[in-house]
Amino acid sequence: MAAADGLANNSDLRKRILFTLTMLAVYRFGVHIPTPGVDGSTVLKFFQNQGGIFGLFNTFTGGALNQFSVFALGIMPYISSSIIFQLLTAVIPYFEQLKKEGETGRKKITQYTRYGTVVLAVVQGLAISSWLMREAFEGRPLVTSATVGFMPFQVMTVLTLTAGTCFIMWLGEQITERGIGNGSSMIIFAGIAAGIPHGAMSMITLVKNGDMSFLIALGLLALMVAVIAAIIFLEVGQRRIPIHMSQKGARLPGGPQASHLPLKINLSGVIPPIFASSLLLFPATLAQFVNAPWLNQLRDSLSPTGAIYNVLFIGLIVFFCFFYTEIVMNPVEIADNLKKGGKFIPGIRAGTSTSQYIQKVMDRLNVGGAAYLCAICVLPGLLIDKLNTPFYFGGTSLLILVGVALDTTQQLQSHMLTQKYDAFMRGAKIRSRRVQY
């Protein structure tokens, strides 16, 4: 009731929620717009019989790949480009300097990220269009004609898919600026959530036809509930470092004032699995388009249940856990801010000792957070594969769904608290006092 009242009284929050829902509706509408020149029904049957890495890719695109729509590449080229330029800021002095320039540098890096998105989308679009030209399903070609109007099919497909990716990128940026939540994460969330009804209906059909026992289906649901509960428990968990404020900083009688510095158990959130999946999907997708024996073996190994895929996936998750945390949270800056505010950690000297202590705590949390992410993202997928489910809905999908939902909820609460604070300040009357001598 309190949340509903806060929403009813906050016009800005209502506009943001409505804008976000509208943008997501536009995205879901575009998923069903086919790419010119392909046989839609044949392509749908073809991709449904592929599975493996295509099943994972289709999950992240919200079913756009199965229908080979204008959004078939999804948001993944943008995420891959973002990863590349975040890595460049750590190794190339020019990009590192741009990062330190504040808002101006951030806009420049964003511009380079957009250019990189276009390049990656063109490469992937060219690869997938060339592959579709060679493939057939049940004797029927996937491409109806070598030309679309006056353009070759490959040129039209590259232009269409690149334009679709750029439009999704724009939608994500608009959601981030004018809506609720992180735009890219919300688009991935919408794509995964859109596949839940189809997965549920597929499982119900299997149970009715006797292809899956009722106990296995019940166990699968119990596994999903357990994974969701574990994600919620660990995502909201915190390691609180006690912080005291000196009498000089507090300017209040009664001794030092106590507070704490909250650090999440999973400091990097859902970013490592998204980044890791994006990096693995790109080479795995390209491996599908070249007929070479060693690439075919690589393709089989890069299925979501393959050994090489899971080893690389775990390694990338661990890497991005530490890398992303270093970008977002700088222990030296935290220690300097504490020192400037007259705050200190009991038993730790201010300055360098404080930054080293915070770094040590963060490293320990990252080890635990990386282990948790690896277990959530890998083990449920392997177990579900053993049950021969007809859809891909592993731990990575559940982690993204729950993680994005929690982050969005926190942003909603933040907006409502801001609205209450503004209303309180408007109702307060501040009287000036003249100093008496």
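Read the figures in this text as sums done on the coordinates, not as results from a lab. Since the model is a prediction, treat every value here as computed from it, not as a measurement. So basically every Cβ, Gly included, is an ideal-geometry build from the backbone, and we count neighbours across all protein chains shown.
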Open item on the list: Order these by the 10 Å Cβ neighbour count, fewest first: Glu326, Glu177.
Closed with: Glu177, Glu326
TODO: Under 11 Å from the Cβ of Ala217, count the other residues' Cβ atoms, weight Lys and Arg +1, Asp and Glu -1, and hand me the total.
DONE: 0
- [ ] Neighbouring Cβ atoms within 10 Å as the yardstick, rank His198, His415 fewest first.
- [x] His198, His415
Task: Relative exposure of Met76, Met212, Met151, judged by other C-beta atoms within 10 Å (fewest first) - done: Met151, Met212, Met76
Task: Of Lys100/Lys360; Lys100/Lys340; Lys108/Lys339; Lys15/Lys99; Lys107/Lys339, those spanning more than 28 Å from alpha-carbon to alpha-carbon - done: Lys108/Lys339; Lys15/Lys99; Lys107/Lys339
Task: Low-density loop positions, GluC sites (Glu not before Pro), the stretch 57-145 - DSSP coil, at most 10 other Cβ in 10 Å - done: Glu138
